[in-house]
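S.K.: There's a structure below that I have some questions on.
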Amino acid sequence: MVQDVRYALRVLRRKPLIAAVAVITLALGIAGATAVFSVVETVVLRPLPFFEPDRLVRLWELTRDGDRFSVSAPNYLDLRAESRAFQALAAYSDLGGSAVLAGGGEPQRIVALPVSASLAEVLGVRPQLGRMFTADEDRPGMAERSVVLSDGLWRRRFGSDAGVVGRPISLDGTPYVVTGVMPPRFDFPGGADAWVPLAADPRSDRGNKELAVIGRLAPGATIAQARSELREIARRLSEAHPEANAGWSATAVPFREWIVAPRFRDAVWVLFGAVGLLLLLACANVANLLVAQAASRRGELQIRAALGAARGRIMRQLLTESALLATFGTAAGVLIAFWSVDLVRVLGAGRVPRLDGLQIDASVLAFACCAGIASCVFFGLAPAIHAARVDLRSSIGEGYRYTAGGRRLRHGLVVLEVALALLLLVSAGLMANSFVRLMNVNPGFDVSATVAMPVELPSSRYDGDRVARFYEELLERVRAMPGVTAAAATSTNPFREFGFSNNVTPEERAAEAPPSGLVQAGWRSVTPGFFETMRIPVSSGRAFTSSDRAGAERVVVVSESLARRLWPGESAVGKRIYWGGTTGRTRTVVGVAGDIRDVQLEAEPLPMLFLPHAQLDLPSMTVVVRAAEDMTSVAPALRGVVRELDPALPSPPIDVLASSQAESAAGSRFNLSMLGAFAAIALVLAVTGVYAMLAFTVAERRREIAVRLALGANGSRIARLVLRSGLTLTLVGVAAGAAAALGATRVLSSMLYGVAPTDPLTFAAASSLLILSALLACLLPARQAMRLDAISVLRE
């Protein structure tokens, strides 16, 4: 074996160009496969960092139409008290919990998430210091409040001081006592800096569904049993509290399915399949190269056979050479994968779950080694078997004869390369088409020259009408800034936050509607000037004005889709609605505005309800500012205005709406970037394969071409012969690839927007690109053939 390795190294040194091409080709394929497998391992295969994660589930309330909603606090408490299929239930606020931290340094804004005391029990984690707050501390109206810090906040803010437990701090001006510090890798829900008691109040509104509820199945219980029990409990709650729960149900989904949604899993597996095709193409390319090299070494192999080498011995030598190439290619591929991990993490940041833990670990390295071994077997067997079939004991002086078997093998590999390349090109083309359509979606408002600044007011210092007054004064000062053309505020930061929703019922249909309401609709609390700032058209009626204040007539503006659904064929202006039920005070529709997509571009516009902020004065709002100047020059001035109004507020972040819109398509961009890179490499490999096959064919058929030229054939006829050979194989490969793509691309359906997986234009464009590229690759060998010196060849 040592002798085989030494000889293989000498062979590779004698032909460094062929060795380099083979190693680079393999390295690209294995690097892509390794990088994507690291994503698969991180996102799909790696266990969740909790105790017995398979017993964890996420609970939802369901509307009559099956839409999922978070759970109200009273319903959560009832579920916790009545359920027997769960060992424990826990809840946390689905709305986040931003707060200003004071104590231990300069004030800073952190995410202090309200959670139930049972969270640590459900997830099976323990604080590294101190303890979680108790059930007694997780009750409404407690005088002394507890807080548990994340490891990151503990290290950043308190310098890893173990004496932090028991220390008082202030959150939004309210005193808290630190009871514990969570472990370093605990990050649930993601982005939390601290956890405070939820203090779920059984007297709160059952229609206010703002709690995310998770549960741990009891020993022996199945998720089917849990779902059945939840439906029964929801039925009882519907009968007991029809005003909020009529028609509602409840369900549970596995925790992993919630953390990594099926669409993300599907996308990751699609990418893994695509990179598998790329690796197969790379192996075919190298196999074709080695088959041609083995054919050119026929004389050497004949000598080895004449000296007594058996066929098995010669095959072992060729396989050793292939193994060396695979080893070098795998090593280079792993290095490239290490370098590409950061790029993959950046491309998928914020849109691909669990990607922050992406790394090349032992399992990924093991996969790379297995991929290298499989590649060696694939591309190494072809030249070895081909060499074994050559008549090694024929006369050495006969030279090399063109064999049909070798030709068919090389041609078959070229067809395979072209087919695989077309499959990847079509997939990338579909993703590109989908991405372009997604980026051209009209969100219903103008994002150009507009920035968004989320502002969160602490409830401890802003009560009553102080919230409305703060935003009125803030917007007044912002509008007076040089370069600002319009400004307003909305309760949802466009493309950064999920919006709110509630039931809407027309007054005239309240008798026939269930007590909880008739239609689910999104809602936004906005200030006067919002529609003008965002350039949302108001098709009928009017927008909000300064006269729409607290104590005045309660008014709303509805979106066009909501107006059509509630009053088809009628004018919505002047109609009255119930918001959040079917009783109480009504609100009058004063205007109809255009539909908007301010959360997800790919989703259909949600029926929307707009309420004047003065009549629903939420403390957390996003100020949107349209400016005539450069956005970067506006940001410092905006922060300055906030500091002037309240120096205790942390400096707010500022987002450019155009960038936020682009980032909302990060998932599609990630898929496109990965598939596009694979397709580009596949195109290069396929074209290289066609060129290499034709170049070798011209070289091995030099005598035949020389005889043809000597008998009167002109150069153009010889060139057509070569071109016809290359294009025939390309067209056969394109036909095979198109047939495969018609079935294979259907798995992309869930990843596409506005384009069918069998889109004919995409198929035609990908096929044309591949055929044109192959034609260009054929030109150089054809040129060499037509310029062959027939006299010199015949004299040899």
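The values are calculated or read from the model by the stated rules, or taken from the named source; none is laboratory data. On a predicted model such as this, the values are computed, not experimentally measured, just so you know. Virtual Cβ from ideal backbone geometry, glycine too; neighbours counted across all protein chains shown. Quick note on the areas: whole protein, heavy atoms, side chains included, nothing else; ligands and nucleic acids left out. Shrake-Rupley method; radii C 1.70, N 1.55, O 1.52, S 1.80 Å.
S.K.: For the range 205-216, take each phi angle, set θ = phi - 60°, evaluate the Karplus expression 6.51 cos²θ - 1.76 cosθ + 1.60, and give the result in whole Hz per residue in order, putting x for glycine and proline.
M.R.: 5, 5, x, 8, 8, 10, 10, 8, 10, 10, x, 10
S.K.: Let me ask something additional. With every protein chain kept in place and ligands, DNA and RNA left out, what is the accessible area per residue of the range 90-225? Probe 1.4 Å, answer in Å². Present the calculation step by step, with values, prior to reporting the outcome.
M.R.: Values: 5920 Å² over 136 residues.
Counting only protein heavy atoms, the per-residue value for the range 90-225 is 44 Å².
S.K.: Which translational diffusion coefficient, to the nearest whole µm²/s, is obtained for the range 450-512 from the Stokes-Einstein equation, given a Kirkwood hydrodynamic radius over C-alpha pairs, 4 °C and 1.567 mPa s?
M.R.: 87 µm²/s
S.K.: Per 0.36 nm of contour for each residue apart, how much would the distance between I336 and E52 grow if the chain were fully extended, relative to their Cα-Cα spacing? Walk me through the numbers on the way to the answer.
M.R.: Working: separation 284, 0.36 × 284 = 102.24 nm, distance 3.52 nm.
Full-extension gain reported as 98.7 nm.
S.K.: Rounded to the nearest Å, what's the spacing between the alpha carbon centres of the range 528-565 and the range 404-471? Just the number, please.
M.R.: 31 Å
S.K.: Residues with amide H under 5 Å of S540's amide H, sequence separation 5 or more or different chain, H placed in the peptide plane at 1.01 Å from N; which?
M.R.: V592
S.K.: Another one. Using Cα pairs under 8 angstrom and six or more residues apart, how large is the relative contact order of the range 98-212, in percent?
M.R.: Values: 210 pairs, mean separation 42.4, N = 115.
Averaging sequence separation for qualifying contacts and normalising by length gives 37 percent for the range 98-212.
S.K.: Ordered by residue, what ³J(HN,Hα) values in Hz, to whole numbers, does the range 170-175 give under the Karplus form 6.51 cos²θ - 1.76 cosθ + 1.60, where θ = phi - 60° and Gly and Pro are x?
M.R.: Result, ordered by residue: 10, 10, 6, x, 9, x Hz.
S.K.: Amide H to amide H under 5 Å from S146: which residues, 5+ apart in sequence or cross-chain, H placed 1.01 Å off N in plane?
M.R.: V177
S.K.: Residues with amide H under 5 Å of L113's amide H, sequence separation 5 or more or different chain, H placed in the peptide plane at 1.01 Å from N; which?
M.R.: When sequence neighbours closer than 5 places are left aside, the close amide H contacts are D193, A194, W195, V196.
S.K.: What are the extents of the Cα atoms of the range 705-744 along their three principal axes, listed from largest to smallest and rounded to whole Å?
M.R.: Here the spans come out as 50, 14, 7 Å, largest first.
S.K.: Could I have the simple spin-label model distance between R585 and S659, label points 7 Å from Cα toward Cβ, reported in nm to one decimal?
M.R.: Distance between the two pseudo-spin positions: 4.2 nm.
S.K.: Using all alpha carbons of the range 568-699, what is the percent of pairwise distances in each 10 Å bin, ordered from the shortest bin to the longest?
M.R.: Percent of Cα pairs in each bin: 8, 19, 22, 20, 12, 8, 6, 4, 1.
S.K.: Give the percent of DSSP beta bridges with both residues in the chain that are antiparallel, rounded to the nearest 5.
M.R.: Values: 67 of 86 bridges.
Of the beta bridges lying entirely in the chain, close to 80 percent run antiparallel.
S.K.: Beyond 18 Å, what share of the Cα-Cα pairs of the range 497-583 remains, rounded to the nearest whole percent?
M.R.: So the portion of pairs separated by more than 18 Å is 49 percent.
S.K.: Give me D for the range 520-645 in µm² s⁻¹, whole number, from Stokes-Einstein with Rh from the Kirkwood sum over alpha-carbon pairs, 20 °C and 1.002 mPa s.
M.R.: Details: Rh = 16.0 Å.
For the chosen part, D equals 134 µm²/s.
S.K.: If only Cα atoms are counted, what is the Rg of the range 479-529, and what is its Dmax, in Å?
M.R.: 16.8, 54
S.K.: Within the chain, which complete DSSP H helices have Cα atoms spanning at least 15 Å along the helix axis and a mean Kyte-Doolittle hydropathy of 0.5 or higher? Each step should come with its number before you reach the end.
M.R.: Working: long enough: 2-14 (18 Å, -0.33); 16-40 (35 Å, 2.27); 223-240 (25 Å, -0.54); 262-296 (51 Å, 1.34); 311-348 (51 Å, 0.90); 362-389 (40 Å, 1.62); 404-439 (52 Å, 1.20); 466-479 (20 Å, -0.66); 631-645 (22 Å, 0.65); 666-700 (50 Å, 1.48); 715-744 (43 Å, 1.19); 760-786 (38 Å, 1.50).
What comes out of the filter, once short or polar helices are dropped, is 16-40, 262-296, 311-348, 362-389, 404-439, 631-645, 666-700, 715-744, 760-786.
S.K.: Another question about this same structure. Over the range 478-558, give the accessible area per residue in Å² for a 1.4 Å probe, as an integer. Working shown, then result.
M.R.: Values: 3280 Å² over 81 residues.
With all protein chains present, the range 478-558 gives 41 Å² per residue.
S.K.: Whole-Hz Karplus ³J(HN,Hα) for the range 592-598, in order, using 6.51 cos²θ - 1.76 cosθ + 1.60 and θ = phi - 60°, x for Gly and Pro?
M.R.: Karplus values, whole Hz, x for Gly and Pro: 10, 10, x, 6, 10, 10, 10.
S.K.: Using a Förster distance of 60 Å, how high is the FRET efficiency between F69 and A20, based on the Cβ-Cβ distance and rounded to 0.05?
M.R.: On the way: r = 59 Å, r/R0 = 0.99.
Result of the calculation: an efficiency of 0.50.
S.K.: Determine the relative contact order of the chain: mean sequence separation of Cα pairs under 8 Å and six or more apart, normalised by residue count, in whole percent.
M.R.: Values: 1461 pairs, mean separation 127.6, N = 796.
Once divided by the residue count of the chain, the mean separation gives 16 percent.
S.K.: Something else about it: Just the number, please: carbon plus sulfur as a percent of the accessible area of the chain, 1.4 Å probe, no ligands or DNA/RNA counted. Provide the component values of the computation, followed by the final result.
M.R.: Working: 19760 of 34160 Å².
Carbon-and-sulfur percentage of accessible area, whole number: 58.
S.K.: What translational D, rounded to a whole number of µm²/s, comes out for the range 29-160 from Stokes-Einstein when the hydrodynamic radius is the Kirkwood one over Cα pairs, at 37 °C and 0.692 mPa s? Provide the component values of the computation, followed by the final result.
M.R.: On the way: Rh = 18.3 Å.
The diffusion coefficient I find is 180 µm²/s.
S.K.: Here's something else I'd like to know. Can you tell me what percent of all Cα-Cα pairs in the chain are more than 35 Å apart?
M.R.: On the way: 191436 of 316410 pairs.
Of all Cα-Cα pairs in the chain, 61 percent lie more than 35 Å apart.
S.K.: A further question follows. Suppose we keep just the DSSP beta bridges with both residues in the range 546-670; what percent of those would be antiparallel, to 5? Write out the running numbers ahead of the final one.
M.R.: Working: 4 of 9 bridges.
If I count the DSSP bridges inside the range 546-670, around 45 percent turn out antiparallel.
S.K.: To the nearest Å, what is the center-to-center distance of the range 226-283 and the range 134-189, using C-alpha atoms only?
M.R.: 32 Å
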